[in-house]
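Data block below; observations after.
The values are calculated or read from the model by the stated rules, or taken from the named source; none is laboratory data. The structure displayed is predicted, hence computed values, not measured ones. Methodologically, a virtual Cβ is constructed for each residue, glycine included, from the backbone with ideal geometry; neighbour enumeration extends over all protein chains shown.
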Amino acid sequence: MPDWSIKLHDGMQSFTPTEWDTCAGADNPFVSHAFLSALEESQSVSARTGWLAQHVSLHAPDGTLAAVCPAYLKGHSWGEYVFDQGWARALEAAGGSYYPKLQIAVPFTPAPGPRLLVHPNAPPETATVLADALRQICGQLQLSSAHVTFCTTQNSTTLSQRGWLPRLGMQYHWHNNGYQTFDDFLAALSSRKRKVLKRERRDANAAGLTFETLRGPDITPADWDAFYQFYQNTIDRKWGSAYLTRSFFSLLSEKLGERVVLMVARHGHQPVAAALNLVGTDTLYGRNWGCIGTWPFLHFELCYYRAIEFAIANGLKRVEAGAQGEHKIQRGYTPSLTHSVHWIENPSFRASVAAFLEQERSAIQQEAQALTALSPYKQEQE
């Protein structure tokens with residue numbers, strides 16, 4: 001890396017929003033200065049939660065900022081959604097230490113997007129230099145490994161060409177095939193599936209609830225209080241602890257404004273459920289949801305169907321509903337591959353992980369193909 005320089009930073013305060021966002025671009029809200037700084041300012045990301053910020057900046061030979069990436073030193077694997085605990089156990093059983101490791105990611109956020117954030121005027125070799133620099137950091141800090149999770153296909157290709165190990169995952173995304181209305185989307189489904197969706201929506205909307213879509217400044221502290229209660233209820237049932245603090249959500253609407261979309265269901269004046277989404281240039285990202293009480297098909301209505309309606313109304317190309325849940329397929333969300341890339345310092349352990357990932361990639365591709373066959377769309381749509 002002759003004449004290039006790399007620096008680690010212990011927080012987003014080291015960058016101005018303009019410096020960071022010029023590299024990050026405007027498409028993906030999760031890599032914005034606003035989102036990442038909200039995580040830190042709210043103490044959701046901190047030494048207490050085991051995410052020590054070590055954001056990377058890369059300067060070109062002429063001294064200009066060429067690239068950045070969100071990076072964290074971690075002593076555990078919680079809040080990542082790309083599971084490597086088995087690797088940790090294997091290395092430790094062989095006498096090695098897996099932690100600490102370097103995580104290039106958006107904490108608690110399994111939403112695909114760029115992770116190597118290159119300045120639009122940077123030299124063409126910048127991404128390759130950054131890929132090598134991240135490996136160099138591993139060696140200098142005596143870390144076992146570095147992990148770039150939920151990255152773009154382009155990031156994955158760049159890193160793989162520099163010796164990193166590619167990994168596939170799978171999520172469920174809805175694609176807007178030029179629909180003008182929700183009925184246009186329904187018309188693209190097979191008759192049997194269309195009837196199921198219509199029945200679910202009818203029952204959800206006949207349960208005595210009212211629905212409201214709030215954006216940014218319209219979301220009140222009382223709305224966030226209610227949402228946080230729902231969020232904690234859901235997290236406690238599923239994971240056992242809430243990663244995100246209450247103040248994070250207020251900071252989110254303050255910093256990201258209209259890009260924050262909260263869909264709320266009320267019974268009378270009482271909020272009973274809410275779904276949090278963020279808006280990118282062409283994508284609606286479903287993030288967290290929760291509810292109190294039992295309501296017919298409310299999860300599907302609030303998280304899937306109203307998200308589709310919002311995307312159609314706002315000319316968005318895609319809704320990303322996250323990982324897990326083959327039930328999403330029947331509601332129009334089809335399998336989509338996600339990408340992560342991994343650097344393992346120890347050569348023999350790297351070879352073992354590479355062999356595992358080769359088998360895993362094949363299995364995931366086969367699974368995605370099999371699940372795609374369950375698509376609810378008419379035959380000509382598939």
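For region 319-366, which residues satisfy the criterion of being in contact with a helix residue (DSSP H, G or I) (Cβ under 9 Å, 6 or more places away or on another chain) and assigned to a helix (DSSP H, G or I)?
326, 327, 328, 329, 330, 331, 349, 352, 353, 356
Please state which of the following conditions residue 167 fails to meet, knowing it meets all the rest: (1) out of contact with any helix residue (DSSP H, G or I) (no Cβ under 8 Å at 6 or more places or on another chain); (2) over 21 Å from residue 27 (Cα atoms); (3) surrounded by 19 or more Cβ atoms within 10 Å (Cβ to Cβ).
Tallying (1) out of contact with any helix residue (DSSP H, G or I) (no Cβ under 8 Å at 6 or more places or on another chain); (2) over 21 Å from residue 27 (Cα atoms); (3) surrounded by 19 or more Cβ atoms within 10 Å (Cβ to Cβ), residue 167 fails exactly one: (1).
Do any residues in region 80-109 that are closer than 11 Å to residue 145 by Cα and not assigned by TED's automatic domain parsing to the domain that holds residue 36 have Cβ atoms under 9 Å from those of residues that are modelled with pLDDT of 95 or more and in a helix (DSSP H, G or I), where the two are at least six apart or on different chains, and which pairs are they?
Correct list of pairs: empty, since none qualify.
Out of region 79-112, which residues are in a loop (DSSP other than H, G, I, E, B) and over 18 Å from residue 36 (Cα atoms)?
Once the filter is applied, which keeps residues that are in a loop (DSSP other than H, G, I, E, B) and over 18 Å from residue 36 (Cα atoms), region 79-112 yields 82, 83, 84, 94, 95, 96, 97, 98, 99, 100.
Considering only strands (runs of 3 or more DSSP E) fully contained in region 181-281, which possess at least 2 residues that are within 25 Å of residue 295 (Cβ to Cβ) and under 18 Å from the mean Cα position of the chain (by Cα)?
Because the criterion is at least 2 residues that are within 25 Å of residue 295 (Cβ to Cβ) and under 18 Å from the mean Cα position of the chain (by Cα), the strands (runs of 3 or more DSSP E) in region 181-281 that meet it are 260-267, 270-279.
Out of all the residues in region 271-278, is one or more of a type in the set (A, V, I, L, M), touching a strand residue (DSSP E or B) at 6+ places or on another chain (Cβ under 8 Å) and at pLDDT below 95?
Looking for residues that are of a type in the set (A, V, I, L, M), touching a strand residue (DSSP E or B) at 6+ places or on another chain (Cβ under 8 Å) and at pLDDT below 95, one finds none in region 271-278, hence no.
What residue, of 301, 258, 309, 254, is within 20 Å of residue 182 (Cα to Cα) and surrounded by fewer than 23 Cβ atoms within 10 Å (Cβ to Cβ)?
On inspection, the qualifying residue turns out to be 309.
Quick check: anything in region 132-155 free of Cβ contacts under 8 Å to residues at least 60 places away in the same chain, among the hydroxyl-bearing types (Ser, Thr, Tyr), closer than 29 Å to residue 320 by Cα and outside the structural domain of residue 280 (by TED's automatic domain parsing)?
For region 132-155, residues free of Cβ contacts under 8 Å to residues at least 60 places away in the same chain, among the hydroxyl-bearing types (Ser, Thr, Tyr), closer than 29 Å to residue 320 by Cα and outside the structural domain of residue 280 (by TED's automatic domain parsing): absent.
From 182, 211, grab the single residue that is among the hydrophobic types (A, V, I, L, M, F, W, C) and out of contact with any strand residue (DSSP E or B) (no Cβ under 9 Å at 6 or more places or on another chain).
Sole residue among the options that is among the hydrophobic types (A, V, I, L, M, F, W, C) and out of contact with any strand residue (DSSP E or B) (no Cβ under 9 Å at 6 or more places or on another chain): 182.
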